[in-house]
There are 2 protein chains.
Amino acid sequence: MINYPIKRSTSKVKAKTTANRGMNFELMINKSNEFFRDNNIAIIYKKPIPIQIVGVDYLKRSAARITEAYYKLPSTTDYNGVYKGRYIDFEAKETKSKTSFPIKNIHEHQIIHLNRCREHGGISFVIIYFSSLEKIFFLDSEKMDFFYQRSLTDKKSISLEEFEEFAYPIKEGYSKPVDYISVIDEYYLK
Amino acid sequence: MINYPIKRSTSKVKAKTTANRGMNFELMINKSNEFFRDNNIAIIYKKPIPIQIVGVDYLKRSAARITEAYYKLPSTTDYNGVYKGRYIDFEAKETKSKTSFPIKNIHEHQIIHLNRCREHGGISFVIIYFSSLEKIFFLDSEKMDFFYQRSLTDKKSISLEEFEEFAYPIKEGYSKPVDYISVIDEYYLK
């Protein structure tokens, strides 16, 4: 086996300059939330995945082993927390499409939940990542609801052009891969 | 076997008048949150239990079966959401003691989380249910932190008298078994 130290180090440098290319979107959001928490900017967490537990083995008191469980449909969204006293709630989705986002990727009860959070004074939205284009959009829940309602009788997706027109672009960065807080600062709290 | 219909119906009436006696405390909180949501008062949910998934059987695409998983220590609290635009965050605990609440029932990282939520403008607190006394208390996170800090060098519990002095009593009710919203209205939003 021959090692190619020069080539390898080159590819490492490349990986750094394109920051988050190929990074799992959920990891990008989690890393951003960690940055916001570590720097005392906002306290936002991903909720655990809802699980229906059916069987448990109590071998030791300290280490119960779940032996049978199933994924449940989430009744709310994945992320929530607090920023500058405001309640924050959002769902994040990724698409490989270069032209549109299929609305079926977001459940109806999540749309309802986002609407209710907004009606109660929270800031609620969806974050859509077009991974093939490396573009990230912040779409307010009221606009998301508009496209959802339209999908019931008409177009089943939101086109890239519609995102460009109705959503806010989210900047990518190394320490904050998905900086949705800047969007909130600029469009909600100014 | 002989039936005692009169006695039985008497005990049923009794059970109704003592409303929530014997009801699991988590169910009491969940029922209250359901009431607040159904009546469009507040949008507050219990978070799913955090689970570390180790093994999954993909028999069918639609029904993946988790075959090995373990409970994880929660990094935050059990309940959060939005009320009148404010971020709400709390932990709820039950004790059978008639004299005090052992602080070890709340993890250090939960105390830290509650402090951070308050510092970021949220309303954060713990709800303690003395089930043997049928008394429920609402203790602000700042006071909870005071007792937690004290427990590191001194008393490991909060006495009932201290709750009577420093916490707010929560009224029990049939449709809202744990009406913490009234406390928020009276002491935080007035």
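Could you please state, rounded to a whole Å, how far the C-alpha centre of the range B:126-164 is from the C-alpha centre of the range B:80-98?
14
Taking every eigenvalue of the Cα gyration tensor of the protein assembly as shown, multiplying by 5 and rooting it, what semi-axes result, largest first, whole Å? Walk me through the numbers on the way to the answer.
Numbers: eigenvalues 337, 125, 121 Å².
After scaling each eigenvalue by five and taking roots: 41, 25, 25 Å.
Mind ranking A:29-37, B:110-118 by how tightly packed they are, going by the mean number of other C-beta atoms within 10 angstrom, highest first? Write down the numbers at each step before the final one.
Details: A:29-37: 19.0, B:110-118: 20.8.
Going by the mean number of other Cβ atoms within 10 Å, highest first, we get B:110-118, A:29-37.
What is the range B:82-190 by shape, rounded, prolate or oblate, if you read a ≥ b ≥ c off the alpha carbon gyration tensor as root eigenvalues and call it rounded for a/c under 1.5, prolate for a/b larger than b/c, and oblate otherwise? Write down the numbers at each step before the final one.
On the way: a/c = 1.94, a/b = 1.12, b/c = 1.73.
Oblate is the answer for the range B:82-190, as a/c is 1.5 or above yet b/c matches or exceeds a/b.
Take each of the peptides B:86-94, B:143-151, B:159-167, A:147-155, average the number of other beta-carbon atoms within 10 Å over its residues, and list them starting from the highest. Could the numbers behind the result be given before it?
On the way: B:86-94: 22.6, B:143-151: 17.8, B:159-167: 15.9, A:147-155: 13.2.
The densest-packed peptide leads the list: B:86-94, B:143-151, B:159-167, A:147-155.
Using a basic spin-label model with each label point 7 Å from the Cα along Cα→Cβ, how many nm lie between A:S75 and A:E108?
1.7
Charges only on Cβ, +1 for Lys and Arg, -1 for Asp and Glu: so what's the dipole of chain B about the Cα centre, in debye to the nearest 20? Write down the numbers at each step before the final one.
Numbers: 30 positive and 24 negative charges, 190 e Å.
Once rounded to the nearest 20, the dipole reads 920 debye.
Placing a label point 7 Å from Cα toward Cβ, how far apart in nm is B:N40 from its equivalents in the other copies, listed shortest first to one decimal?
4.0
Listed here are the pairs A:K72/A:K190; A:K104/B:K47; A:K156/A:K176; A:K46/A:K171; which of them are more than 28 Å apart at the Cα? Let's see the in-between values first.
Numbers: A:K72/A:K190 39 Å; A:K104/B:K47 24 Å; A:K156/A:K176 31 Å; A:K46/A:K171 20 Å.
Beyond 28 Å: A:K72/A:K190; A:K156/A:K176.
No solvent, one uniform scatterer per C-alpha: report log10 I(q)/I(0) for chain B via the Debye equation at q = 0.08, 0.11, 0.15, 0.16 1/Å, two decimals.
So the normalised log intensities work out to -0.34, -0.60, -0.96, -1.04.
Net charge near B:D78: determine it from the other residues with C-beta under 10 Å of the C-beta of B:D78, scoring Lys and Arg +1 and Asp and Glu -1. Each step should come with its number before you reach the end.
Numbers: positive: B:K46, B:K47, B:K93; negative: B:E26, B:D89, B:E91.
Here the count lands on 0.
Per-residue mean of other chain beta-carbon atoms within 10 angstrom of the beta-carbon, peptide B:82-91?
Values: counts 15, 4, 3, 7, 7, 13, 2, 5, 0, 0.
So the per-residue partner count for this stretch is 6.
Each value in this text was obtained by applying a stated rule to the coordinates, not by laboratory testing. Predicted model only: the values in this text are computed from it and were never measured. FYI the Cβ positions are ideal-geometry reconstructions off the backbone, even for glycines, and counts take in every protein chain you see.
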